[in-house]
Structure formats: structure tokens, C-alpha cells
Amino acid sequence: MVRNLGRIAYLDALRIQKTLARHHLDFKKDKSSIRPRNVLFICEHNPVYTIGIRNKTFGEEEKNKLKKLGAEFYTTDRGGLITFHGPGQLVCYPVLDLGDFKKSIRWYVRSLEDVLIDTCARYDVEAGVTDDTGVWVEDRKIAAIGVQASRWVTTHGVALNCNTDLTWFDHIVPCGIVGKGVTSLSFESKSEININDATTHFLASFSDVFNCQLRHFQELSNESILVF
């Protein structure tokens, strides 16, 4: 199932993910309960900086400096270092039981990379991967990836810059990678690409890469059924 949360606060989206993930984990213990769906949560956040579990040394002075810019700041349990989420950025949080796909975090991350690369290609933007995390256009990062998994149930996910205000990244070293920049679909394609447009292509790419079907029920809600 695909659920579009629209513009939502970071912590609210995190709570929704964790609730569904807990249902998956509970089902693994007690198969008599109703089996939860695999869900892709699509959303957009208000300005927020987040850091992963490896950023334990990030100081209070640095946090307060970022908050004064008008952004929120949170430490999370995902992988990866500091990044920014905000308006104009397509965020997808897949809450999946990888037992329905392949029990491999390496495979999962690589598949998410492929989804993002294919999404960019649909706009004639040539993106790829490097030794650094995320998806890149030359030395400019266009999409970030940070995931977490417990007993093969995933949370967190990916963020693709569509028409994001990239100046928010000027105040950090995105994902701890020095000497490289950030970019967006709009900048690279030299056309205005918003989240709604990009979501359509992103979901098509996800369907292709993860070998699943999307059945849309737009007349009922802004949701789709993910069929394996």
C-alpha cells in the first residue's frame, strides 16, 4: 500500500512508521493476528535537520545554530550522518518486511538506489552511485538514503530533492561528506519539477525495481495497494 501523508512534521511521520513496524514485529511473534501490509509512506517535511546513530558527537552549539535558522533538529535511529529535509523534497519511508522481497540490507539499499537512479533517468538526469552513500549527479548529491531494519522490517528511507531550496544545505556538511555539493531534479533538468510530478515517476520506478504492482484507488482515497 502507498499512503501519501502530504506535508507532515518529521516526528509525526516517524511515529506512523514505528507504529506500523511494531505491527509487523508483533505479527512475527503471533501469526494469529492480522498480517500488516507493506506500506510506502510518501511525504514532505517542514525544514528539519536530522542525524543518524553515528553522529553522537554532534554538539549542542551546532544544534542550536541550526534551530535558529527556523528548522527543527532531531537525532534518529537510522544509518547515516546529518542531512536536511524540507519543502520541495520527496521523502519516502518504506515500512516493509524484507521477507516478502529478499532478506538482505545490502540488496535493499542497492534497490533503493536503483529506484532513485531510474526516477532521475525519467527526467533525462543521469545519476549514479559512488563510494559515498546516496545518489549523485557527478559530485552533487541529488538524493539521500538512510535506513534502519529490525528483524527484516524496515523504517526510514530516501529523500529526493525535487525543487528544494538548496541553501538549507549550506549550513551543514551533508551526510558528513566534505568537498561535494547538493543538487535537485529541477536544477539538473533546467525545469520546475514538483513533488507531485516526481512521485508518479518514483512509484513507477519502485514498482519496476521491486517487481511489484501498484493498484490505484484514487476515487476512494490517495492510496494504492502494493501487490506482490
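The values are calculated or read from the model by the stated rules, or taken from the named source; none is laboratory data. Everything numeric here is computed off the predicted structure, so don't read it as measured data. Every residue, glycine among them, receives a Cβ derived from its backbone with ideal geometry; neighbour counts consider all protein chains shown. We work out accessible area using only protein heavy atoms, side chains counted, and drop any ligands, DNA or RNA first. Shrake-Rupley method; radii C 1.70, N 1.55, O 1.52, S 1.80 Å.
At-a-glance table
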{"read-out": "Within region 122-140, considering residues that are under 17 Å from the mean Cα position of the chain (by Cα) and either of a type in the set (S, T, N, Q) or modelled with pLDDT of 95 or more (or both), the one nearest to residue 106 (Cα to Cα)", "value": "133"}
{"read-out": "Residues within region 162-188 that are open to solvent by 60 Å² or more (accessible area, probe 1.4 Å) and not polar (S, T, N, Q), tallied", "value": "8"}
{"read-out": "Subset tally (residues that are out of contact with any helix residue (DSSP H, G or I) (no Cβ under 8 Å at 6 or more places or on another chain) and surrounded by 18 or more Cβ atoms within 10 Å (Cβ to Cβ)) for region 113-145", "value": "3"}
{"read-out": "Flag if residue 159 is in a helix (DSSP H, G or I), open to solvent by less than 20 Å² (accessible area, probe 1.4 Å) and modelled with pLDDT of 95 or more", "value": "no"}
{"read-out": "Breaking point among (1) over 17 Å from residue 157 (Cβ atoms); (2) in contact with a helix residue (DSSP H, G or I) (Cβ under 9 Å, 6 or more places away or on another chain), for residue 61", "value": "(2)"}
{"read-out": "Close pairs (6 angstrom Cβ cut-off, 6 or more residues apart or separate chains): farther than 30 Å from residue 4 by Cβ in region 45-71, modelled with pLDDT of 85 or more anywhere", "value": "58/51; 63/73"}
{"read-out": "Selection count, region 1-28, where residues are exposed (fewer than 14 other Cβ atoms within 10 Å of the Cβ) and polar (S, T, N, Q)", "value": "1"}
{"read-out": "Matching residues, region 208-228, being surrounded by 13 or more Cβ atoms within 10 Å (Cβ to Cβ) and modelled with pLDDT of 95 or more", "value": "209, 210"}
{"read-out": "Selected residue [over 18 Å from the mean Cα position of the chain (by Cα) and in contact (Cβ under 8 Å) with a residue 12 or more places away in the chain] from 29, 103", "value": "103"}
{"read-out": "In region 189-207, residue farthest from residue 101 (Cα to Cα) [restricted to those that are of a type outside the set (Ser, Thr, Tyr) and open to solvent by less than 40 Å² (accessible area, probe 1.4 Å)]", "value": "193"}
